[in-house]
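This report concerns only the one structure given below.
Each reported figure results from applying straightforward, stated rules to the coordinates on display, with no laboratory input. None of the values given here were measured: they were computed from a predicted structure. As a convention, Cβ positions derive from the backbone with ideal geometry for all residues, glycine included, and neighbour counts pool all protein chains shown.
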Amino acid sequence: MERVLGIIGGSGLYQIEGLEEATWQEVETPWGAPSDAILTGRLAGTRLAFLPRHGRGHVHSPTEVPYRANIDALKRLGVTDILALSACGSFREEMAPGDFVLVDQFIDRTFAREKSFFGTGCVAHVSLGHPTCARLSDLVAEAARAAGISLHRGGTYLAMEGPQFSTLAESLMYRNVWNCDVIGMTNMPEAKLAREAEICYAPIAMVTDYDSWHEDHGAVDVTKIRDTLLGNAERGRALVQELPRLLAGSPQPCAEGCDRSLEYALLTAPEKRDPALLAKLDAVAGRVL
């Protein structure tokens, strides 16, 4: 099986340069339209599919991003590995604006989003104890070093609903009580859906600010973080340039089992499964159905 790299671009990252055979493709899914057309092509010989999470021009709020359609569309294009880039705030002094954090854990505080492909008529429970792919994360860390990026390996990402930023009380609780490292609005339910779709997933949180806990920096203000956001996007593109050559030599199947996460996850008896839902799951769960 050919490894195909999917890139989900966060705030400030709406384009990937240098693709051979570059084409913007419209992809239809049973879950609606994805955030935008998907840019496909080859980079360093590796097939790549790039999806701007918020759409070109940043038209989708974090709550309104069509997460299920996005993951389904990437799966239909054959994506096996997703690098998810997103802007975030930091709860740690050492994770400074301009740094990247290779997240490995999440606390999901979102509440207004569809979080699963499965439900009544086909129930499934996937393991999420380790919600990111360690194999892919190793490659991402190596690519970041090659690109000269200041990277912190490991961290807990607090996923908030948004679109408003945190209150000071919330920021202090997430930092001091819950021991989170970064905060953002978009990696959940994205990571959960990638696991259900049997796609390896590695998230990079690109730090733009210190949320509202830091006495010397004050509350988050988009006008103040714009330059950092643009700089992070440039570093994100540099990271993407380094990753394909590493991915091409990566062993398969995934040693972490991400690409087999549905092996024993389906609980609904075959004769009780809803044909309409099964039809919608043709890409996501076709391997086990």
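In this calculation the C-beta distance from Val59 to Glu142 is compared with R0 = 35 Å, giving a FRET efficiency of 0.55. Relative to the longest principal axis of the Cα atoms of the chain, helix 134-146 runs at roughly 40 degrees.
For the range 1-116, taking Cα atoms only, Rg and Dmax work out to 14.9, 43 Å respectively. Taking the Cα atoms of the range 222-285, the ratio Rg/Rh between the radius of gyration and the Kirkwood radius comes to 1.24.
Once backbone amide H atoms are built at 1.01 Å from N, Ile82 has Gly6, Cys200, Tyr201, Ala202 as its partners under 5 Å, excluding neighbours fewer than 5 places away on the same chain. The lysine pair count for the chain, using Cα distances under 17 Å and pairs eight or more places apart or on different chains, is 6. The charge dipole of the chain, taken about its Cα centre with unit charges on the Cβ of Lys, Arg, Asp and Glu (plus for the first two, minus for the last two), comes to roughly 540 debye. What does the C-alpha gyration tensor say about the overall shape of the range 65-219? Classify as rounded when a/c is under 1.5, otherwise prolate if a/b is larger than b/c, or oblate. Oblate is the answer for the range 65-219, as a/c is 1.5 or above yet b/c matches or exceeds a/b.
When only Cα pairs below 8 angstrom with a gap of at least 6 residues are kept, the chain shows a relative contact order of 25 percent. Seen through its C-alpha gyration tensor, with square-root eigenvalues sorted a ≥ b ≥ c, the range 134-195 comes out prolate because a/c lies at 1.5 or above while a/b is bigger than b/c.
Shown in residue order for the range 247-264 are the 3J(HN,Hα) couplings computed by the Karplus curve 6.51 cos²θ - 1.76 cosθ + 1.60 at θ = phi - 60°: 5, 4, x, 6, x, 9, x, 5, 5, 7, x, 4, 7, 9, 5, 8, 3, 10 Hz (x for Gly and Pro). Among the trypsin sites (Lys or Arg not before Pro) within the range 228-288, those in coil by DSSP and having at most 16 neighbouring Cβ atoms inside 10 Å are Arg273, Arg287.
Applying 0.36 nm per residue to the separation of Val123 and Asn179 and subtracting their alpha-carbon distance, the gain on full extension is 16.9 nm.
For the range 50-102, a Kirkwood hydrodynamic radius built from all Cα pairs, placed in the Stokes-Einstein relation at 10 °C and 1.306 mPa s, yields a translational diffusion coefficient of 120 µm²/s. Selection among Asn187, Ser171, Ala144 by position relative to the dipole of the range 135-192 gives Ala144 as farthest towards the positive end (Cβ unit charges, Cα centre). A cut-off of 5 Å between modelled amide H atoms, ignoring neighbours fewer than 5 places along the same chain, links Phe106 with Tyr157. Taking only alpha carbon atoms, the chain gives an Rg to Rh ratio of 0.96, where Rh is the Kirkwood radius.
Exposure proxy check: Met1, Met185 ranked by fewest other beta carbons within 10 Å?
Met1, Met185
Using only the Cα atoms of the range 144-289, build the gyration tensor, take square roots of its eigenvalues as a ≥ b ≥ c, and label the shape rounded, prolate or oblate: rounded if a/c is under 1.5, else prolate if a/b is larger than b/c, else oblate. The shape class here is oblate. Each residue of the range 106-119 was assigned a 3J(HN,Hα) from its phi angle through the Karplus expression (A = 6.51, B = -1.76, C = 1.60, θ = phi - 60°), giving 9, 10, 9, 10, 6, 9, 10, 10, 6, 10, 8, 7, 9, x Hz with x at Gly and Pro.
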